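Below: one structure, written as structure tokens.
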Amino acid sequence: MTASYLFPPAPTPSLPVVGTDQRFPVHRIFCVGRNYHAHAIEMGRPVDKATGKPFYFTKAASTVVESGATVAYPPGTANYHFEMELVVAIGEAGFRVAESDAARLVYGYAAGLDMTRRDLQLVAREQGRPWDLGKDFEQSAVCTPIVPQGSLGVLTSGAIHLQVNGETKQTADLNQLIWNIPELLADLSQYYHLQPGDLIYTGTPEGVGAVQPGDVITGHIDQVGDVTLIIGQPE
Ligand code: MN
């Protein structure tokens, strides 16, 4: 029986996949906080892996925007930040997976921007409130086409960097992730039944900063891709 809706349901958010016309339907977006030491320090919250655990926030699937887009400078902020991140795209279900079994969950990888209203995030953080206004807003999850895992396997290293108007702002290596991909999938799957279509933004290196209308963000991850975002005028 076909459901009858009061109004048309929202379209399924999706991303292109390199090498095929089929698209990757996005189910959920998990984001890892403070997963590079130097970024944790610049945010004033150093991480001790021996005693700490990864933590997460989420963005709605509807916040996905494809690389190359122009997005309006968002409302409610005067401190709109870029965060360059490796994105892991999940292609198989997994619950309480072992680190040694994590690779089978990975469909592929993308280069992403976790765009952030930093002023709103920090107010929320200081007041012990949720981060949603700072993180989960329209067009805040920028993502390239997904590169299937193929022979890449589980990525453990590779350059990751970001420029604004051609000037380098972030540069690091994936081998600096505090919690690597198998560790993240093992941990996150303790709390969620990971599903095909889930995206995991794995955290950003140091050097985050603000952008203005007219700025062009470009980012790169070795073997994964190049992401671009153009900042438009506020609405
Ligand atoms: Mn982030």
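The values are calculated or read from the model by the stated rules, or taken from the named source; none is laboratory data. Bear in mind that the values here come from a model prediction, so they are computed numbers and not experimental data. Side chains included, ligands, DNA and RNA excluded: accessible areas come from the protein's heavy atoms. Shrake-Rupley method; radii C 1.70, N 1.55, O 1.52, S 1.80 Å.
Indicate the gyration tensor shape class of region 38-91 (rounded, prolate or oblate), computed on the Cα atoms with a ≥ b ≥ c the square roots of the eigenvalues: a/c under 1.5 is rounded; otherwise a/b larger than b/c is prolate and the rest oblate. List each step's numbers first, then the result.
Numbers: a/c = 2.41, a/b = 1.45, b/c = 1.67.
Taking the square roots of the gyration eigenvalues as a ≥ b ≥ c, region 38-91 is oblate.
Rounded to whole Å and ordered largest first, report the semi-axes of the equivalent ellipsoid of region 28-131 derived from its Cα gyration tensor (root of 5λ). Working shown, then result.
Numbers: eigenvalues 128, 85, 31 Å².
With the √(5λ) rule applied to region 28-131, the semi-axes are 25, 21, 12 Å.
Between ALA89, ALA38, ALA110, which gets the highest mean-square fluctuation from a Gaussian network model of the chain, Cα cutoff 10 Å?
ALA38
To one decimal place, what orientation-averaged projected area in nm² is obtained for the convex hull of the Cα set of region 52-193?
Its average projected convex-hull area is 9.6 nm².
Rounded to whole Hz and in sequence order, give me ³J(HN,Hα) for region 207-212 from the Karplus expression 6.51 cos²θ - 1.76 cosθ + 1.60, θ = phi - 60°, writing x for Gly and Pro.
Values per residue, Gly and Pro as x: x, 4, x, 8, 10, 10 Hz.
Run the reach check for LYS169 against lysines, Cα to Cα strictly under 26 Å, same-chain hits fewer than 8 apart removed. What comes back?
Output for LYS169: LYS49, LYS59, LYS135.
Which length gain, in nm to one decimal place, applies between LEU6 and PHE55 when the Cα-Cα distance is subtracted from 0.36 nm times their residue separation? Walk me through the numbers on the way to the answer.
Values: separation 49, 0.36 × 49 = 17.64 nm, distance 3.77 nm.
My answer for the length gained is 13.9 nm.
For the chain, what relative contact order do you get, as a whole percent, if you take Cα pairs closer than 8 Å and at least 6 residues apart? Could you put the intermediate results ahead of the total?
Working: 575 pairs, mean separation 72.6, N = 235.
It comes to 31 percent, rounded to a whole number.
On a full-extension model of 0.36 nm per residue, what is the gain between ARG129 and THR171, subtracting their alpha-carbon distance, rounded to one decimal in nm? Kindly include the intermediate steps, with their values, before the conclusion.
Details: separation 42, 0.36 × 42 = 15.12 nm, distance 3.07 nm.
Length gained, ARG129 through THR171: 12.0 nm.
Of the heavy-atom accessible surface of region 14-232 (probe 1.4 angstrom), what whole percent is carbon and sulfur? Mind showing how you got there, number by number?
On the way: 4540 of 9030 Å².
That fraction is 50 percent.
By a straight-distance test (C-alpha under 14 Å), which aspartates and glutamates pair with LYS53 as possible cross-link partners, with residues fewer than eight away in the same chain excluded?
LYS53 reaches GLU183, ASP187.
Ordered by residue, what ³J(HN,Hα) values in Hz, to whole numbers, does region 89-98 give under the Karplus form 6.51 cos²θ - 1.76 cosθ + 1.60, where θ = phi - 60° and Gly and Pro are x?
Couplings: 9, 8, x, 9, 5, x, 9, 6, 7, 7 Hz.
Return the sequence-ordered ³J(HN,Hα) values of region 225-235 in whole Hz as given by the Karplus equation 6.51 cos²θ - 1.76 cosθ + 1.60 applied to θ = phi - 60°, using x for Gly and Pro.
Each residue's phi maps through the Karplus curve to give x, 10, 10, 9, 9, 10, 8, x, 5, x, 6 Hz.
Beyond 19 Å, what share of the Cα-Cα pairs of region 108-178 remains, rounded to the nearest whole percent?
More than 19 Å apart: 54 percent of the Cα pairs in region 108-178.
Provide, as a two-decimal number, the C-alpha radius of gyration of region 1-53 over 2.2 N^0.38 Å, N being how many residues it has. Intermediate values should be presented prior to the final figure.
Values: Rg = 20.0 Å, N = 53, 2.2 N^0.38 = 9.9 Å.
Expressed relative to 2.2 N^0.38 Å, the Cα Rg reads 2.01.
Please calculate how many Å² of accessible area region 14-232 carries per residue, with a 1.4 Å probe and no DNA, RNA or ligand atoms counted. Before the final figure, lay out the partial values.
Numbers: 9030 Å² over 219 residues.
Accessible area per residue: 41 Å².
Along the principal axes of its C-alpha atoms, what lengths does region 167-235 span, in descending order and rounded to whole Å?
42, 30, 21
Taking every DSSP beta bridge that has both residues in region 14-232, what percent is antiparallel when rounded to the nearest 5?
On the way: 46 of 56 bridges.
Approximately 80 percent, going by the DSSP bridge assignments.
Please say if region 60-119 is rounded, prolate or oblate, where rounded means a/c under 1.5 for a ≥ b ≥ c the square roots of the C-alpha gyration tensor eigenvalues, and otherwise the choice is prolate for a/b larger than b/c and oblate otherwise? It would help to have the intermediate numbers written out before the result.
Working: a/c = 2.94, a/b = 2.38, b/c = 1.23.
Note, shape of region 60-119 comes out prolate.
If amide hydrogens are placed 1.01 Å from N in the peptide plane, which non-local residues have theirs closer than 5 Å to the one on ARG34?
Residues meeting the criterion, in which the H sits 1.01 Å from N, are THR204.
Report the Cα centroid-to-centroid distance between region 158-235 and region 92-122 in angstrom, as an integer.
11
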